[in-house]
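Working notes for the structure below.
Each value in this text was obtained by applying a stated rule to the coordinates, not by laboratory testing. Quantities reported herein were computed from a predicted structural model and do not represent experimental measurements. With ideal geometry, Cβ positions are generated from the backbone for all residues, glycine too; neighbour counts draw on all protein chains shown.
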Amino acid sequence: MQAKLAQQTRRVFISLALAGTWGLSTYAQAATSVQFQTSAGDFVIELNAEKAPKTVENFLQYVNDKHYEGMIFHRVIDGFMVQGGGFTAAMAQKPTRGPIPLEASNGLRNDRGTIAMARSGNPNSATSQFFINVVDNAGLNAPQPDGFGYAVFGKVSSGMETIDKIRTLPTGNKAGMQNVPLTPITINAVRILK
């Protein structure tokens, strides 16, 4: 009797352990989304950690550090993209962590509504700046335009109307930079959604 009870108890523990493991595995595989609350409205980005693990990890660290809060979309080109994550409304640049390796050859394309990392001419120079494609930008897919491409790591899952509002804003020159919205679009808050 005791042996049978011990065996049943073991089965329950094993079942619970397997259920817990499956639950964690499913949770880890579930897509993480991030909500941006801006002065132009809100939008949500669904991140793709499977295809761009280092880029997503880097981006989420900036989100957790509240790096993006108070920053603006500082470069807006209708028919191309909207870019943020680099400057405040006073055009001051926040310090960043070190750059990350380029993950542009991950199969994700710079299509309308996708988010990718901005970088300099050095392919492994991305830090905190990102851009959202407002059209299909095939010329940014690896290996174009410079032999390396730009790393897509997610897509807008809701609120594309906010991005469309931002992309049509009048822009001009400010602090030596071009295509800066004349009315600053501020990122008020960014939060991780599960």
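Residues in region 75-106 near a label at residue 125, defined as backbone nitrogen under 13 Å from the 7 Å Cα→Cβ point?
Once the point is set 7 Å along Cα→Cβ of residue 125, 99-100 turn out to lie under 13 Å by backbone N, inside region 75-106.
I want the local charge near residue 86. Using Cβ-Cβ distances under 11 Å, sum +1 for each Lys or Arg and -1 for each Asp or Glu among the other residues.
Net charge in that neighbourhood comes out at +2.
How much of the pair distance distribution for region 66-129 lies past 20 Å, counting alpha-carbon pairs only, in percent?
Working: 660 of 2016 pairs.
When every Cα pair of region 66-129 is considered, 33 percent fall beyond 20 Å.
Could you work out the Kirkwood radius for region 57-97, taking every pair of different alpha carbons, averaging 1/r and inverting it, reported in Å?
It is 11.0 Å.
Taking a quarter of the surface of the convex hull around the Cα atoms of region 28-155, what do you get in nm²?
Values: hull surface 30.0 nm².
The Cα convex hull of region 28-155, projected and averaged over all directions, gives 7.5 nm².
So what is the relative contact order for region 31-193, in percent, with contacts set as C-alpha pairs under 8 Å and at least six apart?
Normalised by residue count, the contact order of region 31-193 is 35 percent.
Placing unit charges on C-beta atoms (Lys and Arg positive, Asp and Glu negative, everything else neutral), compute the dipole magnitude of region 31-193 about its Cα centre in debye, rounded to 20. It would help to have the intermediate numbers written out before the result.
Details: 14 positive and 13 negative charges, 62 e Å.
Once rounded to the nearest 20, the dipole reads 300 debye.
How do the peptides 181-188, 76-83 rank, highest first, by the average count of neighbouring beta carbon atoms within 10 Å per residue?
Packing order, densest peptide first, comes out as 76-83, 181-188.
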